[in-house]
Amino acid sequence: MTAPTPTPRLTLWQVLPAFALHQAEFLALRVVTWLAGAALPAPPPLTAAQRSLAFDRIRALVPLVPTPQPLSWWVRAQRHLRALAAVTLDAPAMARRRLAAEDRDFPPQIEAALGDFPVYYRRNFHHQTDGYLSVQSGRRYDLQFELVFSGIGHRVRRTAASHLTRFLHPGRAYRMLECGSGTGDLGAIVRGLYPESDLLCTDPSLPYLEVLREKYPSLQTRREPTFMEDLSFAEDRSLDLVFAGFVFHELPPEVAARALDEAFRVLEPGGMLLLLDSSQATDGEENAFALDRFAEEFYEPWFADYRPRSLQADVAEHGFELLHAELVYFSKVVVARRPS
């Protein structure tokens with residue numbers, strides 16, 4: 001595992017505003033859950049060494065990768081405030097699910113449709129209301145993601161995507177597929193790097209793809225639920241790039257294996273695979289405190305299976321040539337290639 005790229009380096013003032021804003025919002029949500037009678041245990045404070053490591057990792061994130069953003073800053077600010085209100089109102093329900101260890105709490109209209117999804121997907125991931133299966137959940141998700149990353153989640157995605165330019169020339173057009181697109185931020189970043197490329201965004205959740213189209217109308221989406229372990233709509237050897245952000249830690253091991261096999265099948269020889277996901281125990285003991293906190297505070301049913309494995313070893317086991325692996329904050333990016 002390569003350490004985070006040392007240059008360029010961010011300064012405190014480049015990250016402090018977003019960090020402070022999201023820390024304040026996170027603390028406010030804890031107050032709301034306490035007032036609602038669903039107080040959660042406070043996480044242990046970070047040691048000086050842990051804080052130093054976290055800030056050093058933040059400084060290694062690249063300052064900017066272009067992202068197509070059709071909305072003005074004012075519209076984005078309004079969306080943020082609406083999302084904050086929605087997340088705040090939903091926080092007590094999420095806290096109660098966490099305290100009760102309840103992960104199958106759905107309204108009747110979603111419950112009736114769960115039979116169309118694999119068993120592993122029929123859960124309230126992160127204990128969030130509706131799981132991934134409503135537009136309302138999708139509109140809350142972006143802020144929830146940034147709260148997990150203390151306001152630097154967008155920089156994590158941008159840094160991961162920037163590694164593609166080591167292997168794919170930005171001036172060329174490629175055939176690209178994103179799996180687990182969610183609300184579209186990683187796909188938009190990759191599209192910004194390769195504006196001439198043909199990119200198809202897919203996700204199991206059609207409501208989340210609806211939110212993606214609201215944010216990025218120019219991105220093309222598949223209008224059917226799509227799981228990475230079943231890409232039967234794509235022909236063999238038909239793609240130059242398959243990428244996925246924060247998908248594999250949400251898959252059971254046997255499903256993750258099928259997903260890698262499918263990615264290998266649809267890539268042409270020489271085609272690239274980029275995976276952005278949580279770091280793992282095999283990436284260094286110094287990450288343990290961050291993984292502990294993530295596992296404790298943000299419910300992921302398959303994280304205990306994912307954590308001790310090695311994503312690098314997994315891609316190699318399924319026929320890929322590992323080209324690069326690097327820590328990105330307490331996440332990591334893995335770049336591999338189907339051999340020619």
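Structure data summary
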read-out	value
Checklist (1) farther than 15 Å from GLU250 by Cβ; (2) surrounded by 15 or more Cβ atoms within 10 Å (Cβ to Cβ); (3) at pLDDT 95 or above; (4) of a type in the set (D, E, K, R) applied to ARG309, failing item	(1)
Candidates ARG166, ARG175, filtered to the one that is more than 16 Å from TYR329 (Cβ to Cβ) and touching a His at 6+ places or on another chain (Cβ under 9 Å)	ARG166
Residue check, MET272 farther than 30 Å from PRO45 by Cβ, touching a Lys or Arg at 6+ places or on another chain (Cβ under 7 Å) and at pLDDT 95 or above	yes
Residue among PRO44, PRO63 that is modelled with pLDDT under 85 and not assigned by TED's automatic domain parsing to the domain that holds PRO195	PRO63
Residue list for segment 35-59, restricted to those being of a type in the set (A, V, I, L, M) and closer than 19 Å to GLU285 by Cβ	LEU46, ALA48, ALA49, LEU53, ALA54
Condition check for ASP261: in a helix (DSSP H, G or I), on the phi < 0 side of the Ramachandran plot and assigned by TED's automatic domain parsing to the domain that holds SER197	yes
Total residues in segment 204-229, condition under 24 Å from GLY270 (Cβ atoms) and among the acidic types (Asp, Glu)	1
Top-ranked residue of segment 25-41 - restricted to ones that are in a loop (DSSP other than H, G, I, E, B) and either touching a His at 6+ places or on another chain (Cβ under 7 Å) or surrounded by fewer than 13 Cβ atoms within 10 Å (Cβ to Cβ) (or both), ranked as modelled with the highest pLDDT	GLY37
Inter-residue pairs, beta-carbon under 6 Å, first of a type in the set (Gly, Ala, Ser) and in segment 259-270, second modelled with pLDDT under 95 and not in a helix (DSSP H, G or I), 6+ apart	GLY270/SER340
Filter result (in a loop (DSSP other than H, G, I, E, B), in contact with a strand residue (DSSP E or B) (Cβ under 9 Å, 6 or more places away or on another chain) and under 23 Å from PHE125 (Cβ atoms)) within segment 311-338	PHE330
Every residue from segment 104-127 that is part of a helix (DSSP H, G or I), among the polar types (S, T, N, Q) and either in contact (Cβ under 8 Å) with a residue 40 or more places away in the chain or closer than 21 Å to PHE145 by Cβ (or both)	none
Count of segment 264-293 residues which are under 17 Å from the mean Cα position of the chain (by Cα) and not in a helix (DSSP H, G or I)	8
Segment 249-280, subset out of contact with any helix residue (DSSP H, G or I) (no Cβ under 7 Å at 6 or more places or on another chain) and of a type in the set (A, V, I, L, M, F, W, C), residue surrounded by the fewest Cβ atoms within 10 Å (Cβ to Cβ)	ALA257
The lone exception for LEU199 - which of (1) under 25 Å from PRO339 (Cα atoms); (2) in contact (Cβ under 8 Å) with a residue 24 or more places away in the chain; (3) not acidic (Asp, Glu) it fails	(2)
Test: residue in segment 311-327 that is at positive phi and of a type outside the set (Ser, Thr, Tyr)	yes
Hits in segment 249-275 - residues which are touching a strand residue (DSSP E or B) at 6+ places or on another chain (Cβ under 7 Å) and within 13 Å of VAL315 (Cα to Cα)	ALA263, MET272, LEU273, LEU274, LEU275
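The values are calculated or read from the model by the stated rules, or taken from the named source; none is laboratory data. The model shown is predicted, which means the values in this text are computed figures rather than measured ones. All Cβ positions, even for glycine, are placed from backbone atoms using ideal geometry, and neighbour counts span all protein chains on display.
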